[in-house]
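In what follows, a structure is listed as structure tokens, so that the remarks can point back to it.
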Amino acid sequence: MVQDNDKLAVLGGTPIRAEPYPAWPQAERAELEQVGRVLEGQRWFAGPRGDDPESLGVEFARRFAKMHGADFAHPVANGSVAIEIALRALGVSPGDEVIVPCYTFLSTATSVLMLGAIPVFADIDPRTYCLDPADVARKISEATAAVIPVHLGGQMADMPALQELCKGKGIAIVEDCAQAIGAGLPGGRAGTWGQAATFSFQSNKTITAGEGGLVMAGDPEIAERLRAFTAFGRLAGEGAGRSSAYVSQLLSSNYRLSEMQAAVLLAQLEKFPGQDQRRQENAAYLNQDISQIPGLEHISDGKEESRHGYYYYLLRYQPDEFAGLAPQRLAAALAAEGVPFLPGDTAPIYHNPVFRPENLTQFLCPEVLERYRTVVNLDDPGCPQAEEACNRTLILRHQVLLGSREDMDDILEALAKVRRLCPQLTDK
Ligand SMILES: Cc1ncc(COP(=O)(O)O)c(C=O)c1O
């Protein structure tokens, strides 16, 4: 294509490319066949406790656990209730404090509030965009019951440092692995570092059934509580008379995954290793050249031994190398060149109105709300790195990394072009 290389596409110049990048989610024959088998059979749910040995959900969870080197995994309805169930199984109670990163999807923190507990927002490490252990150390108090590290975009949090901080203090770790399927560090994959872990299979995720989730634990007693909290609090082998599977000992609701979703997930899981390999190769290729473009840095711990999940390919830019443009304008300019960049989060999650104390009066009891007001200071949340990240981050979604080598070259070309010509945007 002959290109008008001196004008940004967003201003009417010729884009770098017109062909779309791979779309997501992707379904093929395997998904259709698996769902067809469920629909034709008599088993549309996984049983009263959601753990029938022949259920597809249990089969999926077993294989998913194996892929992560975990002892136990159990399917649940989504990644948000997974966090609630995990916290409940670990005994987190109303009024307890749970430290969460402020740069994440908001349900990492709202799941804490759903229990009547207090989310305490901690800052991120600007290299990884995951919880900064030093800030976690500052925010631990007598009331801290748990910490929820999020492996943001597939980059693992510093789990050895967080383990060290929590050890011997009765503080549980629940890994929020919603964005980190298949990720890992030397010493273990995502989901195996804390007392419990959670995953999401929502539509954007690298394995998806549109919705879906999973909980993991190493300790068999916690595993049993996770199972029970997934299905009306039904503990195994308890109760008398009528089938014990229908007796509830713990207070909970219904958070089971359906067998149709499990069928889709089984098909997706089969494809995951090949897709993951492709993303790893393309990301490695991009990483080599990204560092040659001044003012751009790929967000990662930079360690060869770490395994990134590549849910997001996150780029941090120096605004002065990009004409001081905000992420929204820069992403729009790149998207106009044909590369579907998105702006990173525009604000840390504590800016959501849901976290204002006046909006929580129905959900926290008065004493807990009082403490919430003092612990969570929304006027001065003390998370400067997360605030800064919101002004200088761009995202590529994982499906873009499923493209060809030429597709990756177009990403690099678009970044270089937009960097060179972005001063054209400042006087518009
Ligand atoms: C970090 C994180 N935590 C939790 C969730 C919640 O998962 P779900 O959408 O399945 O409820 C998501 C994604 O949606 C997420 O990205």
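For the set K139/K167; K66/K271; K7/K205; K66/K139, the pairs lying more than 26 angstrom apart at their alpha carbons are K7/K205; K66/K139.
Among 186-199, 406-419, 315-328, the peptide with the highest mean count of other Cβ atoms within 10 Å heads the list, and the full ranking is 186-199, 406-419, 315-328. With Cα atoms defining each centre, region 170-241 and region 331-382 are spaced 25 Å apart in the structure. Dipole of the chain computed with +1 at Lys/Arg Cβ and -1 at Asp/Glu Cβ about the Cα centre; of A347, I124, T110, farthest Cα towards the positive end is T110. Between S404 and R373, the contour length at 0.36 nm per residue exceeds the Cα-Cα span by 6.1 nm.
Mean sequence separation of contacting Cα pairs (under 8 Å, at least six apart), scaled by the length of region 29-269, corresponds to a relative contact order of 26 percent. Under the criterion of Cα pairs below 8 Å and six or more residues apart, the relative contact order for region 116-204 equals 23 percent. For A172, the residues 5 or more places off, or on other chains, whose built amide H falls under 5 Å of its own are A146, V147.
If you run the Gaussian network model on the chain, springs between alpha carbon atoms under 10 Å, then out of S404, S80, S200 the most flexible one is S404. Residue by residue, region 230-237 carries 3J(HN,Hα) couplings of 6, 9, 6, x, 8, 6, 5, x Hz when phi is fed to the Karplus relation 6.51 cos²θ - 1.76 cosθ + 1.60 (θ = phi - 60°); x denotes Gly or Pro. Expressed in Å, the radius of gyration and Dmax of the Cα atoms of the chain are 22.6, 80. Computed about its Cα centre, the charge dipole of the chain is approximately 640 debye, with only Lys, Arg, Asp and Glu carrying charge at their Cβ.
What fraction of the DSSP beta bridges in region 12-151 is antiparallel, stated in percent and rounded to the nearest 5? Let's see the in-between values first.
On the way: 1 of 9 bridges.
Around 10 percent of the beta bridges assigned by DSSP in region 12-151 are antiparallel ones.
Below 8 Å between Cα atoms, with a sequence gap of 6+, how large is the relative contact order for the chain in percent? Write down the numbers at each step before the final one.
Values: 887 pairs, mean separation 92.3, N = 428.
For the chain, the relative contact order is 22 percent.
The HN-Hα couplings worked out from phi for region 337-344 by the Karplus form 6.51 cos²θ - 1.76 cosθ + 1.60 (θ = phi - 60°) are 6, x, 10, x, 6, 10, x, x Hz, whole numbers, x standing for Gly and Pro.
Legend: Rg and Dmax of region 29-269, from Cα coordinates, 17.5, 58 Å.
Residues whose amide H comes within less than 5 Å of that of A231, counting only those at least five positions distant or on another chain, are Y255 (H built at 1.01 Å from N in the peptide plane).
Values quoted throughout were computed directly from the atomic coordinates according to the rules given, and no laboratory measurement underlies them. The structure displayed is predicted, hence computed values, not measured ones. So basically every Cβ, Gly included, is an ideal-geometry build from the backbone, and we count neighbours across all protein chains shown.
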